[in-house]
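Just below is one structure, and these are the notes that go with it.
The values are calculated or read from the model by the stated rules, or taken from the named source; none is laboratory data. Just so it is clear, the structure is predicted and the values come from calculations on it, not from any experiment. Quick reminder, even Gly has a Cβ in these numbers, built from the backbone with ideal geometry, and neighbours come from all protein chains shown.
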Amino acid sequence: METKKVRLTKEKETYLATLYGKALDAAVENPILGDRFAADAVARIDYDFKELKLPKGGEISLPIRARHFDQWTRAFLAANPESTVLHLGCGLDTRVYRINPGPQVRWFDVDFPDVIALREQLYPERDGYHRIGSSVTELSWLDAIPGDTPVIVIAEGLMMYLHEKDGTSLFRRITEQFPSGQIAFDGYSGAMVRMVSRLATVRGAKVELVWGIDDPHDLEKQVPKLHLAEDIRFLTMPDLVSRLTRNRFSGAMAGALGRLPFYRNLVRHLRYEF
């Protein structure tokens, strides 16, 4: 099988880690996400994936996270068959192929140019699908996108890497450009941002997390058109807890942790409407 040489910086290896987590899931008998496109991509990339350090339980948590954002995306497209999808910080995710949107959907995957270049080697063209090589905070990339349909913005695993002012500027621009829509992303609390950043420093990784969200309603004040529609505590999602707990003791511990607001609010899946 043909392979593709990967030439990404150390910082960009996180894209390979999330792809690999989904590929591992696709290989089991009863997968969570069943992302055969991720499995095919991993098979074609000339890289020693066994050297990647997945987060503990990443072969479970990464597919569950992706599946949840897929569900939100499918629900939006079912209600808005003529619409636009902005998939921000797409990395090597294969969401557009998993969802297989209809002919009236314009889908834009946006990420750094080197990531988009790799996507172009790995994944085929399809009608209505566009790739944009740009930092999401360089808002000029939005200039070429028509704002004449409802839009859903999916920013999975992205916002905690952006500065708050950049994230809010991005959201304000989108709410001004499109007539209506939804913005969905996972947000870390301030404590989670600090913990992950410190752990990365100890491990010698160059990972900088900066935006912590302790009160999701704050974003409504910063971007007045937004209204918080759903606030899901990821770490207490029943499917995640049941799959990560191996025995009664770990199940009891998970239940006890889930009752603590500090723990429960570490990671949220947030969906806003405008």
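Here are some notes:
- Among the residues of segment 172-184, those identified as in contact (Cβ under 8 Å) with a residue 60 or more places away in the chain and either part of a helix (DSSP H, G or I) or β-branched (Val, Ile, Thr) (or both) are Ile174, Thr175, Ile183.
- Looking only at residues of segment 43-59 that are within 19 Å of the chain's Cα centre (by Cα) and crowded, with 18+ Cβ neighbours inside 10 Å, we find that the one that is farthest from Val207 (Cα to Cα) is Glu59.
- The single condition from (1) over 17 Å from Leu77 (Cα atoms); (2) touching a Lys or Arg at 6+ places or on another chain (Cβ under 8 Å) that Tyr161 fails is (2).
- Flag for Gly147 being at pLDDT 95 or above and either aliphatic (A, V, I, L, M) or closer than 27 Å to Lys165 by Cα (or both): yes
- The set of residues in segment 242-274 being touching a Gly at 6+ places or on another chain (Cβ under 7 Å) and within 22 Å of Phe69 (Cβ to Cβ) consists of Leu244, Arg264, Arg268, Leu270, Phe274.
- Segment 118-164: number of residues that are out of contact with any strand residue (DSSP E or B) (no Cβ under 8 Å at 6 or more places or on another chain) and of a type in the set (Val, Ile, Thr): 1
- When the criteria are applied in full, Val96 meets the requirement of being closer than 25 Å to Ile232 by Cβ, of a type in the set (Val, Ile, Thr) and touching a residue at least 12 places away in the same chain (Cβ under 8 Å).
Each row is one residue, and each column tells you yes or no for (1) closer than 16 Å to Val96 by Cα; (2) modelled with pLDDT under 70.
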| site | (1), (2) |
| --- | --- |
| Leu8 | no, yes |
| Lys12 | no, yes |
| Leu16 | no, no |
| Tyr20 | no, no |
| Asp25 | no, no |
| Ile32 | no, no |
| Asp40 | yes, no |
| Ile45 | no, no |
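- Look at (1) without any contact (Cβ under 8 Å) to a residue 24 or more places away in the chain; (2) touching a Gly at 6+ places or on another chain (Cβ under 6 Å) and you find that Pro124 fails only one, number (2).
- Of the residues making up segment 217-274, those that are at pLDDT 95 or above and of a type in the set (Gly, Ala, Ser) number 1.
- The residue that is surrounded by the most Cβ atoms within 10 Å (Cβ to Cβ), among those in segment 140-186 that are among the charged types (D, E, K, R) and within 19 Å of the chain's Cα centre (by Cα), is Glu156.
- Residues of segment 74-116 satisfying the condition of being surrounded by 21 or more Cβ atoms within 10 Å (Cβ to Cβ) and of a type in the set (S, T, N, Q): Ser83, Thr84, Thr94
- The condition of being among the basic types (Lys, Arg), outside any helix (DSSP H, G or I), over 21 Å from the mean Cα position of the chain (by Cα) and surrounded by fewer than 19 Cβ atoms within 10 Å (Cβ to Cβ) holds for only one of Lys221, Lys225, that being Lys225.
- Candidate set: segment 31-85, residues that are hydrophobic (A, V, I, L, M, F, W, C) and in a loop (DSSP other than H, G, I, E, B); chosen: the one nearest to Phe178 (Cα to Cα): Leu33
- Any hit, segment 245-265, residues being within 22 Å of Pro63 (Cβ to Cβ) and touching a residue at least 40 places away in the same chain (Cβ under 8 Å): no
- Residue selected from segment 20-42 under the condition without any contact (Cβ under 8 Å) to a residue 40 or more places away in the chain and acidic (Asp, Glu), by the criterion surrounded by the most Cβ atoms within 10 Å (Cβ to Cβ): Asp25
- Any hit, segment 120-138, residues being of a type in the set (D, E, K, R), assigned to a helix (DSSP H, G or I) and buried (at least 21 other Cβ atoms within 10 Å of the Cβ): no
- Number of residues in segment 141-151 that are in contact with a Ser or Thr (Cβ under 6 Å, 6 or more places away or on another chain) and closer than 16 Å to Phe274 by Cβ: the value is 3.
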